[in-house]
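Q: Structure in structure tokens, see below.
The values are calculated or read from the model by the stated rules, or taken from the named source; none is laboratory data. As the structure is a prediction and not an experimental result, all values here were calculated from the model. Here the Cβ is made from the backbone with ideal geometry for all residues, glycine too, and neighbour counts use every protein chain on show.
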Amino acid sequence: MSTIGIGVVGAGNIAEFHLAAYAANPDVEIVAVADIAVDRARARADQFGAASAYASVEELLADPAVDAVSICTRNDTHVQIAIAALGAGKSVLVEKPMARTVADAEALVAAEAVAPGILQVGYVRRWSTNATVLKTFVDAGDLGEVYYAKATCLRRAGNPGGWFADRSVSGGGPLIDVGVHFIDIAWWLMGMPTVVSVTGFTSDRVGDRGNIENLTRWRSSDHDASENTVEDLAGAVIRFDNGAVLNVDVSYSLHGRDEVGVRLYGDRGGAELEPELLVFTEQHDTIVTLAPQIDSTTFEMEAGFQNEIDGFVAAVRDGTPSAVPATHGLVMTKILAAIYESAASGHEVVVA
């Protein structure tokens, strides 16, 4: 293919990041936008020069000009739409979380395996410059064997409410919303070892914090502070078959400072990806800290989405395998499910 025809399902905030990145890619024609609110689809289509706006996924998938789709909808719709798109011969970029349950994730893996197109999961943090640079250090063996890692995303007042806070739709709170990004990036940097067990916890002691004033907060369009059925804090110890351990904690609402951190510890060196890219090692019997000189040593949303979209488009165009296939999404879904199960039972969960 010389030009890839793109359709975007969902016309909300995340869709705008996708559409802006597609618009900046010279190998793309944005063909259509679909949303259950067709007026919103039309507005996005007009904003980014798409010819068509549809009120249903079925209409968009029937459009022969659409070669690939981005799925930017609620969590409870990801698997159904992705399977339909793959079945229609389209390639798929599906936003995280890929699925809410292990059974759904397995169904999507099976669908991708027999489909002509590819599927890519939207773990956008893998595509940031700081992450790709650190991966070169890890893959070159500069850190040695990574035996311990920490992934943190703590927010004081970060519950968007609405469907994000409705477990029946979202599948969970900060763990499945933002935590999956940090678990995935740590797992990827660790070399994607096989998970063997998980010990997790959750808490809902603080809640939505809808009473907080004088603070700009992102809120879902259907926000209702009184409706909140998800955890506001979650954490886990994840053990892998090579003996490595990943420690995770994430929150929507916590009495403390906002904190983002991804840290790796190996037997030859260590690294921090967030809040700033640093590499720690020894030279000449001296401990040294290396600060790679790159355009951005932190995660930048726009650049991450641009790299992610460019990678997806290149894979569709060239017919190459997905860099982030459904099998990776299945691993994340198993980890998330095990954390919730362990939190509910109070026991370690063995991951098959």
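Matching residues to (1) outside the structural domain of Thr152 (by TED's automatic domain parsing); (2) out of contact with any Ser or Thr (no Cβ under 7 Å at 6 or more places or on another chain); (3) free of Cβ contacts under 8 Å to residues at least 24 places away in the same chain; (4) surrounded by fewer than 18 Cβ atoms within 10 Å (Cβ to Cβ):
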site: Thr281; (1), (2), (3), (4): no, yes, no, no
site: Thr286; (1), (2), (3), (4): no, yes, yes, yes
site: Thr289; (1), (2), (3), (4): no, yes, yes, yes
site: Ile294; (1), (2), (3), (4): no, no, no, yes
site: Ile309; (1), (2), (3), (4): yes, yes, no, no
site: Ala315; (1), (2), (3), (4): yes, no, no, no
site: Gly319; (1), (2), (3), (4): yes, yes, yes, yes
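Q: Show the residue pairs meeting these rules: Cβ distance below 8 Å; 6+ apart or different chains; first residue within the range 341-352 and farther than 11 Å from Ser197 by Cα; second residue small (Gly, Ala, Ser) and buried (at least 18 other Cβ atoms within 10 Å of the Cβ).
A: Glu341/Gly200; Ala343/Gly200; Ala343/Ala234
Listed here are the residues, each with its yes/no results for (1) buried (at least 19 other Cβ atoms within 10 Å of the Cβ); (2) of a type in the set (A, V, I, L, M, F, W, C); (3) touching a Leu at 6+ places or on another chain (Cβ under 7 Å).
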| site | (1), (2), (3) |
| --- | --- |
| Arg167 | no, no, no |
| Gly173 | yes, no, no |
| Val195 | yes, yes, no |
| Asp204 | no, no, no |
| Arg219 | no, no, no |
| Asn247 | no, no, no |
| Ser251 | yes, no, yes |
| His255 | no, no, no |
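Q: Follow-up. So which residues in the range 211-233 are part of a loop (DSSP other than H, G, I, E, B), in contact (Cβ under 8 Å) with a residue 40 or more places away in the chain and of a type outside the set (D, E, K, R), if there are any at all?
A: Ile212, Leu215, Trp218, Ser220, Ser221, His223, Ala225, Asn228, Thr229, Val230
Q: A follow-up question, please. Would you mind finding the one in Val316, Val324 that is of a type in the set (Val, Ile, Thr), under 17 Å from Val124 (Cβ atoms) and either assigned to a helix (DSSP H, G or I) or under 14 Å from the mean Cα position of the chain (by Cα) (or both)? Steps first, please.
A: On the way: Val316 fails: under 17 Å from Val124 (Cβ atoms).
Among Val316, Val324, only Val324 is of a type in the set (Val, Ile, Thr), under 17 Å from Val124 (Cβ atoms) and either assigned to a helix (DSSP H, G or I) or under 14 Å from the mean Cα position of the chain (by Cα) (or both).
Q: Where in the range 40-141 are the helices (runs of 4 or more DSSP H), entirely inside, with at least 1 residues that are buried (at least 24 other Cβ atoms within 10 Å of the Cβ) and assigned by TED's automatic domain parsing to the domain that holds His181? Explain how you work it out, then say what you get.
A: On the way: elements: 57-61, 78-87, 102-114, 129-139.
Because the criterion is at least 1 residues that are buried (at least 24 other Cβ atoms within 10 Å of the Cβ) and assigned by TED's automatic domain parsing to the domain that holds His181, the helices (runs of 4 or more DSSP H) in the range 40-141 that meet it are 129-139.
Q: I'd like to know if the range 242-252 contains one or more residues that are closer than 24 Å to Arg100 by Cβ, small (Gly, Ala, Ser) and touching a helix residue (DSSP H, G or I) at 6+ places or on another chain (Cβ under 6 Å).
A: Yes, some residue in the range 242-252 is closer than 24 Å to Arg100 by Cβ, small (Gly, Ala, Ser) and touching a helix residue (DSSP H, G or I) at 6+ places or on another chain (Cβ under 6 Å).
Q: Please verify whether Leu336 is in a helix (DSSP H, G or I), of a type outside the set (S, T, N, Q) and in contact with a Pro (Cβ under 9 Å, 6 or more places away or on another chain), treating the condition exactly as stated. Lay out the reasoning, then the answer.
A: Working: in a helix (DSSP H, G or I): yes; of a type outside the set (S, T, N, Q): yes; in contact with a Pro (Cβ under 9 Å, 6 or more places away or on another chain): yes.
Judged against the criteria, Leu336 is a match.
Q: Do we find that Thr298 is surrounded by 12 or more Cβ atoms within 10 Å (Cβ to Cβ), over 14 Å from the mean Cα position of the chain (by Cα) and within 24 Å of Tyr265 (Cβ to Cβ) in this structure? If you could, list the steps in order and put the result at the bottom.
A: On the way: surrounded by 12 or more Cβ atoms within 10 Å (Cβ to Cβ): yes; over 14 Å from the mean Cα position of the chain (by Cα): yes; within 24 Å of Tyr265 (Cβ to Cβ): yes.
Yes, satisfied.
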